[in-house]
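Everything on this sheet refers to the single structure shown next.
Every number here is computed from the coordinates shown, using simple stated rules; none is lab data. Bear in mind the structure is a predicted one, so any value in this text is a computation, not a measurement. Every residue, glycine as well, gets a Cβ built from its backbone with ideal geometry; the counts of neighbours run over all protein chains shown.
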Amino acid sequence: MAEPFAKKPALVYLCQRLPYPPTTGERIPAFNFLRHLSSRYRVFLGTFIDQPGDEAYLDDVRKMVSGLYVATIRKPHAYLRALPRWLAGEPISYALFRDQGLSAWLDRVEQEEHPEAIFVFSSNVSTYAVDHFKRSNAQEPFRFLHFCDVDSEKFSAYAASSKGLKRFIFQTEARRVSREEQRLTDGADAVALISQDEASLLRAGLTRHADRVVTLPNGVDSQRFDRTLHPQSPFKGQGATFVFTGAMDYPPNIQAVTWFVRSVLPGIRARIAHAEFYIVGTRPTPEVKALEAQAGVVVTGAVESTAAYMAHAQVAVAPLQVARGVQNKVLEAMAMQLPVVVTQGAMTGIAAVPGEHVELAEGATDWVSRCVALIEQPERAQRMGLAARALVCERYNWGAQFDLLDRYMTTRNQAL
C-alpha cells in the first residue's frame, strides 16, 4: 500500500456507476466527492460498469483509491438476473445492482480495514451500506447515504405520464422504493438530498428519523467551465445556436429534446432563419437520432468537451418536464456565461432569479418568445450570462460543498 495513505482512516465509497470520466450528470458529483474524500481517507471504492468503453478508465480511478471493486451490469441479461428479486418484492432499480462479488469484497474490506465511514452516492446501492458492516462489540462506521433525489417521487411522476402496463410497473416501483427509502434512513446516520425541495419531499414520506435528512448540493468546477478556455467553435453553421447537454438515453432528457424539437424549434426558425438546435450528449437513442430528420437539428453523440459547445452557443435550453434535484446542465451553462431558458422544474434547488440569472418559460409559445428574445437582444443576454456565472462562482463552487460534507462526516450522535 502506498505510503501517503498510511495514516488515513479507511472509508468505503459506493456508487452505481464508475465515477469517471466526470463528463455526465451523476458522474460529475460522484467524481468530485471521491476526489475530495480520497484526500482525507484511504478510499475503498465499490462501483459498477454498464458501458463496455468504461473499462478504459479503470486505471485512472485506481490512482485515486486504495482498493477497487468493479461489478459489471450486462443489459438486458441483468434484468433477467434481477427478476427473482423483483418478484420477491424488491425494487427493480435496486435488484439490478445486487452483486455477490461486491458483497463478498465489502465483507473482506470490513474484516481487514475496519472502515471508519461509508459514503454512498445513489440510493439504489445504499443497501450495501445498511446491510453490511454490522459490529456487535464495536462502534459501527458512520453511514452517509447521498440519495441525490427522491427516487420514489420520480417513479410516481413516470407513472402519472404513462398508461397500461408501464403505469402499473412505475406505480409498483414507486411504492417499493418508498419503502426502501424508509428502511435505508432507519439504518443511516445521515441521508443527503441535493436540494431543500428534495429533502422536504423525503421528510414528508418518512414516518421515522426525518431529522437524519440533510442537504448536500452539487457544485460546479468554474475553472473548467470557463468560456475563455474554448476559443475554437465546434459549430459549422452561421445561424443562432441553441444547445442542450445531457445523457441522451435518460428518459427525461429524451422527452425534453423531443418536445423542444417538435413544439418550439419550428417557431424559432420561423422568426430566426437558419437557427440550429444541438443535442450534445452520450448514448443518444434511436428516437433521439431520428430528430435530426427535422431541419436545424444536430445530434452529436459523445463529445470531448460539452463546455466547448456551450462556449459558442447563443442560448442553452433545459425544457425538462420531469426534473429531479439540481440540474448540472443548468449550473454548467450558467458557469459558461450562457443565458439559459428553463422550466420551473429545471430550476429546482438553484437560487436563480428569473429574468436576472435565467429565463423561465412555460408552454411552447412562451418558450419560442423567450428564446427568440435572447437572440434579438444580445446585450441583455450577455448581462444575464455574466450574472449567472457570478452566482455560480459565489454559491455553487465545489469548495463550499466539500466543507459541508466534512461537517456532516465529522458529526456523530449530534444534531445535524
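For region 205-261, trypsin sites (Lys or Arg not before Pro) are listed when DSSP marks them as loop and at most 15 other Cβ atoms sit within 10 Å of their Cβ; the list is ARG208, ARG224, LYS236. Each Cα pair under 8 Å and six or more residues apart adds its sequence gap; the mean of these over the residue count of region 227-395 is a relative contact order of 23 percent. Phi angles of region 24-32 translate, via the Karplus equation with coefficients 6.51, -1.76, 1.60 and θ = phi - 60°, into HN-Hα couplings of 10, x, 6, 6, 5, x, 4, 5, 5 Hz per residue; Gly and Pro are given as x.
From helices alone, the chain scores -12000 deg cm²/dmol at 222 nm; the rule is -39500 (n - 2.57) for each run of n ≥ 4 DSSP H residues, then divide by the residue total. Whose amide H sits under 5 Å from the amide H of THR72, counting only residues 5 or more places off or on another chain, with H placed in the peptide plane? Hits under the 5 Å cutoff: ILE49. Comparing Cα centroids, region 129-184 and region 263-278 end up 41 angstrom apart. About its Cα centre, the dipole of region 133-173 is roughly 140 debye, where the only charges are +1 on Lys and Arg Cβ and -1 on Asp and Glu Cβ. Counting every other Cβ atom within 10 Å of each residue's Cβ, LEU68, LEU291, LEU229 order from fewest to most as LEU229, LEU68, LEU291. Rounded to the nearest Hz, the phi-derived 3J(HN,Hα) couplings of region 41-51 under the Karplus curve 6.51 cos²θ - 1.76 cosθ + 1.60 (θ = phi - 60°) are 9, 7, 8, 10, 9, x, 8, 9, 10, 10, 10, where x marks glycine and proline. Each Cα pair under 8 Å and six or more residues apart adds its separation to the average, and for the chain the resulting relative contact order is 13 percent. Bridges between two residues of region 227-395, per DSSP, are antiparallel at a rate of about 0%. Among VAL220, VAL303, the order by Cβ neighbours within 10 angstrom, fewest to most, reads VAL303, VAL220. For region 227-395, a simple Cβ point-charge model (Lys and Arg +1, Asp and Glu -1, everything else neutral) yields a dipole of about 80 debye relative to the Cα centre.
Which of THR47, THR24, THR207, THR241 comes first, and how do the rest follow, when ranked by fewest Cβ neighbours within 10 Å? Can you show the working numbers first?
Values: THR47 26, THR24 20, THR207 8, THR241 23.
Going from sparsest to densest Cβ surroundings: THR207, THR24, THR241, THR47.
Under the simplified labelling scheme, the ARG62-THR215 pair shows an inter-label distance of 4.1 nm, with each label point 7 Å from Cα along Cα→Cβ.
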